[in-house]
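Heads up: the structure comes next, in structure tokens.
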Amino acid sequence: MTLMNITDIDTFKPSSAISDDEDILILYKEGKESICYVRNYLMQQEFLIISSGLVMELPEYYRPMTNIFVRVHFHVIRKFRLRIQEYVIKSNQLLHFYRFFDASIAEFFDSL
């Protein structure tokens, strides 16, 4: 199975907006590894973009053809719970997290 390397697209580089109805929250970033949450209001969709290195840490049956996970598959990030929690707190994004998910980090992971 070959994964599309989403980091080649440089998703996290600031650029012109594709949609004004989109919110993005970086849940985890260390070096080249990252987990990015995207909520697109126009399309009424939310998804995660997970770097290839982190995708490779998942069991093979959880690895999609791309690095994009839709809401029904958010449970895969349970493996990264401690990393996400630490990153969100250290990067002072806890209030943003509450705003996005209307829940604490513990409540969010319990709901997955």
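The values are calculated or read from the model by the stated rules, or taken from the named source; none is laboratory data. Quick caveat: nothing in here was measured; it's all calculated off a predicted structure. Here Cβ is always computed from backbone atoms with ideal geometry, including for glycine, and neighbour counts include all displayed protein chains. Quick note on the areas: whole protein, heavy atoms, side chains included, nothing else; ligands and nucleic acids left out. Shrake-Rupley method; radii C 1.70, N 1.55, O 1.52, S 1.80 Å.
Of the residues making up segment 85-112, those that are part of a helix (DSSP H, G or I), closer than 14 Å to LEU25 by Cα and hydroxyl-bearing (Ser, Thr, Tyr) are TYR87, TYR98.
It is to be established whether one or more residues within segment 59-77 are at pLDDT 95 or above and either open to solvent by 40 Å² or more (accessible area, probe 1.4 Å) or among the acidic types (Asp, Glu) (or both). Checked against the condition, which is being at pLDDT 95 or above and either open to solvent by 40 Å² or more (accessible area, probe 1.4 Å) or among the acidic types (Asp, Glu) (or both), segment 59-77 yields no hits at all. Among the conditions (1) in contact with a helix residue (DSSP H, G or I) (Cβ under 7 Å, 6 or more places away or on another chain); (2) in contact (Cβ under 8 Å) with a residue 24 or more places away in the chain, the only one that TYR87 does not satisfy is (1). For first residues located in segment 21-50 and within 19 Å of GLN85 (Cβ to Cβ) and assigned to a strand (DSSP E or B), partners that are basic (Lys, Arg) and open to solvent by 60 Å² or more (accessible area, probe 1.4 Å) and lie 6+ apart or on another chain with Cβ distances below 6 Å form the pairs TYR28/ARG83. Checking segment 48-64 against the condition returns a match, with at least one residue being in contact with a Cys (Cβ under 9 Å, 6 or more places away or on another chain) and closer than 20 Å to TYR98 by Cα.
Scan segment 59-84 for residues that are touching a residue at least 12 places away in the same chain (Cβ under 8 Å) and under 14 Å from TYR28 (Cβ atoms) and the total you get is 11. Scanning segment 92-106 for residues that are farther than 16 Å from ASP23 by Cα, open to solvent by 40 Å² or more (accessible area, probe 1.4 Å) and either at pLDDT 95 or above or of a type in the set (A, V, I, L, M) (or both) gives a single hit, ALA106.
Which of the residues spanning segment 40-50 are of a type outside the set (Ser, Thr, Tyr) and over 21 Å from ARG63 (Cα atoms)? Matches in segment 40-50: ASN40, LEU42, MET43, GLN44.
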